[in-house]
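Written below as structure tokens is the structure these notes are about.
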Amino acid sequence: MKSKILNQIKFSFILLLMLLGFASLHQPAEAHTQRQVTKNPPKKPVKVNRKRPRGDRRGRPTRRRAVGSRNDCPATDMPLTALIPENQVGKVVEAKPTFWVFIPYESNRIHKGEFVLQDEAHNNVYRNEFSVEKGKGIVSINLASGNTYTLKTNKSYQWYFKLYCDGDNSSIPIYVRGWVQRIALEPQQQTQLSQLRSSRQRIAFYAENGIWYSALTQSAKLRLSNFQNKSLAKDWMQLLSNMGLQDLSNQPIVGKIN
């Protein structure tokens, strides 16, 4: 009996020594592993820039709708509005583009208007004063009328459309402001455009490539040529809706003002 107890004590003692030895063998390895982690910390994770693109590489503030009351023009339900993309440089392929604006006043409420085009250094490259003889509606301003200046390719220009409702020289105008940039089509785009047979196809091409001024001008001209055409009316509405200007789609296009 005593012999059996002694054997159990010896076995337990041997087992204890084996466990202590096993633990001492793993301590240096753990310490070594810790030293490696401290010496070579993991790299920082790559941050992905999720900022949405602005539509052009610089981002240009616009004043698409005239706001505020610090001018001499009366308030209206629908404000003076430039038909442009908001806070973006609108693209165009023509050297002398056409600009489009919605005027909310009858002609007898406006003393005069002014259109100003500036380069990136804020120098006036074109300025024209005019009388507003058309009634309430969408009007166009074309640089080709009595102007020798042409837009330079890949240069951005800022333009202002101002209305003076008071004849006093110190009167404050109501105005809108936009940006335009003339671009050159890529060879592949030129080939694609040359193969399009209808005006509607060319308008769709300009719109799909973000060339807003050219698309808008072509669509307005086509709309004017056949105002009763429902397909053209739908195209016009869709184009304005793409720019967030669907509230102007039923306004009349009253023609040029210069």
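The values are calculated or read from the model by the stated rules, or taken from the named source; none is laboratory data. This structure is a prediction, so every number in the text was calculated from the model and none was measured. Here Cβ is always computed from backbone atoms with ideal geometry, including for glycine, and neighbour counts include all displayed protein chains. Each accessible area value is taken on the protein alone, full model and side chains, heavy atoms only, with ligands, DNA and RNA left out. Shrake-Rupley method; radii C 1.70, N 1.55, O 1.52, S 1.80 Å.
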For this session: Mind listing just one residue for me: the one in the stretch 210-238 that is assigned to a loop (DSSP other than H, G, I, E, B) and free of Cβ contacts under 8 Å to residues at least 40 places away in the same chain and, of those, surrounded by the fewest Cβ atoms within 10 Å (Cβ to Cβ)?
Result: 228
Exercise. Given the residues 197, 202, which is the only one that is assigned to a helix (DSSP H, G or I) and either modelled with pLDDT under 95 or touching a Leu at 6+ places or on another chain (Cβ under 8 Å) (or both)?
Worked result: 202
For this session: Run residue 147 past the list (1) of a type outside the set (Asp, Glu); (2) open to solvent by 30 Å² or more (accessible area, probe 1.4 Å); (3) modelled with pLDDT under 90 and report the number of the one that doesn't hold.
Result: (2)
Seminar exercise, completed: Within the stretch 239-258, of all residues that are closer than 23 Å to residue 201 by Cα and small (Gly, Ala, Ser), the one surrounded by the most Cβ atoms within 10 Å (Cβ to Cβ) is 249
Problem set entry | Test result for residue 233, within 25 Å of residue 144 (Cα to Cα), of a type in the set (A, V, I, L, M) and in contact with a helix residue (DSSP H, G or I) (Cβ under 8 Å, 6 or more places away or on another chain) | no
Exercise. Of (1) over 16 Å from residue 112 (Cβ atoms); (2) modelled with pLDDT under 95; (3) not aliphatic (A, V, I, L, M), residue 165 satisfies all except one. Which?
Worked result: (1)
Problem set entry | The one condition in (1) in a loop (DSSP other than H, G, I, E, B); (2) of a type outside the set (Val, Ile, Thr); (3) open to solvent by 70 Å² or more (accessible area, probe 1.4 Å); (4) in contact (Cβ under 8 Å) with a residue 12 or more places away in the chain that residue 185 fails to fulfil | (3)
Seminar exercise, completed: Those residues of the stretch 118-143 which are part of a loop (DSSP other than H, G, I, E, B), small (Gly, Ala, Ser) and open to solvent by less than 60 Å² (accessible area, probe 1.4 Å) amount to 135
Exercise. Residues of the stretch 60-72 being surrounded by 12 or more Cβ atoms within 10 Å (Cβ to Cβ) and modelled with pLDDT under 70, which ones?
Worked result: 60
Problem set entry | Search result, residues across the stretch 90-117 that are closer than 15 Å to residue 75 by Cα, part of a loop (DSSP other than H, G, I, E, B) and open to solvent by less than 40 Å² (accessible area, probe 1.4 Å) | 104, 105, 110
